[in-house]
Amino acid sequence: MKKIYIIILLLAFTFGTNAAVGDGRNGDGAIKIIRFYPNPATSVINFEFKNISEPYSIQIYNFLGKKVYSQLVTSNKITIPVDNFYRGLYIYQLKDAFGNTEESGKFQVVR
C-alpha cells in the first residue's frame, strides 16, 4: 500500500511540474519568441519574434532580480547590446501591455 502512495505522489509531482513549466506558448497557441542567439552572448544578443501584433516589451534581469534593460518590441527582430552587462546569467521576460509575462527564459553573457 505504501508503494502505491509513493507512485501516485511521484506521478502527481511529475505531471504537475510539467504543466507548470509550460511549452512556451501563450493562450492562442502561437509562440512569440522564435529564437534568441547567440547564447552565450559576448557583445549583442538577438531576439526574433513571431506574431507581434500588439505592444510588447522585453525586460532583462540579472540573476539577482534587478532589471538591467527594457525595450519596446516594435519589429520582428531586435538586437540588444550586452557590452555593459557583467558576465553571468540573465533572465528575459516578454511582457504584454498589461505587464503580464507571456514568455521568459535565460541566457548567458561571457567575456
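If you go through the range 66-88 and keep only what is loosely packed, with under 12 Cβ neighbours inside 10 Å and of a type in the set (A, V, I, L, M, F, W, C), you end up with just L72. Exactly one residue out of I6, I45, I31 is modelled with pLDDT under 95, out of contact with any Lys or Arg (no Cβ under 7 Å at 6 or more places or on another chain) and not charged (D, E, K, R): that is I6. Within the range 94-111, being touching a residue at least 12 places away in the same chain (Cβ under 8 Å) and either out of contact with any Phe, Trp or Tyr (no Cβ under 9 Å at 6 or more places or on another chain) or over 15 Å from F49 (Cα atoms) (or both) holds for A97, K106, F107, Q108, V109, V110, R111. If the condition is being of a type in the set (D, E) and in contact with a Lys or Arg (Cβ under 7 Å, 6 or more places away or on another chain), then the range 48-60 contributes only E48.
Results for (1) modelled with pLDDT of 80 or more; (2) under 12 Å from the mean Cα position of the chain (by Cα), shown as yes or no for each residue.
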{"position": "A12", "(1), (2)": "no, no"}
{"position": "A20", "(1), (2)": "no, no"}
{"position": "N39", "(1), (2)": "yes, no"}
{"position": "N62", "(1), (2)": "yes, no"}
{"position": "K67", "(1), (2)": "yes, no"}
{"position": "S70", "(1), (2)": "yes, no"}
{"position": "T101", "(1), (2)": "yes, yes"}
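The values are calculated or read from the model by the stated rules, or taken from the named source; none is laboratory data. Nothing here was measured: the structure is a model prediction, and the numbers come from that model. All Cβ positions, even for glycine, are placed from backbone atoms using ideal geometry, and neighbour counts span all protein chains on display.
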